[in-house]
Amino acid sequence: MTNTTKTLGLIGLILILGGGFYIYSHRAPKPAPSKTELLTNSSPKAPSNKEGTSNPTTNVNQNEKTNSEAATKTNPDIKLPAIDDTWKTYTNKSGDFSFQWPTKGRYAPKWDSSFADTDPCTEGETKVLNSNTFCHQTSILRSDNVILTHMYTIPFGKKFIVMSFSKETSQAGFDEATFDAHLDQIMSTFAFKK
């Protein structure tokens, strides 16, 4: 091979590698999965620790009411809905815990409950709601729509109960602080069964 051939080959290799690096570094970033997705989207062969979701086919007792206090200490100007007959009560399959959630309204979330063997809440804040101490974390998933997910974790024996609530935030007038207050109201209905 002549020096000219080697030089042209080297220049071609540099251009190919440089072009590949440029395309790779300028592609749209793929959103990282939230801690909730990592917990609930296990491999198909893994046993599921999934308990329930806001799907209407879950184990619910309709029209059950509670006198729990709404968690509006952070912003008393936020108007929370009354816990009425539009709220449903979920009790997990083994009857260990229950909570209520609204089925209607701008801030009615989609939810999911699961058990985790290790504490998934690594960077959360502590929230005490109706005498229950939760670790609370928030994540944002950006794709076609922005989805805000809040995860409340509480110890239960040697496991952790993980409650995940999500809402698409692109709707007009959506206020994150109001959504947070609604979720605190929901989690203030959380109760362990004896």
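Across the range 98-105, coupling constants 3J(HN,Hα) worked out from phi with the 6.51/-1.76/1.60 Karplus curve, θ = phi - 60°, read 8, 7, 10, 8, x, 9, 10, x Hz, and Gly and Pro carry x. In the structure shown, the pairs LYS104/LYS158; LYS88/LYS193; LYS127/LYS159; LYS104/LYS159; LYS104/LYS193 are assessed against 24 Å; a Cα-Cα span above that value is assigned to LYS104/LYS158; LYS104/LYS159; LYS104/LYS193.
Annotation note: trypsin sites (Lys or Arg not before Pro) in the range 84-187 located in DSSP loop regions with a Cβ neighbour count of at most 11 within 10 Å are LYS93, LYS104, LYS158.
Read the figures in this text as sums done on the coordinates, not as results from a lab. All values derive from a computational prediction rather than experimental measurement. Glycine also receives a Cβ, built like all others from the backbone with ideal geometry; neighbour counts cover every protein chain displayed.
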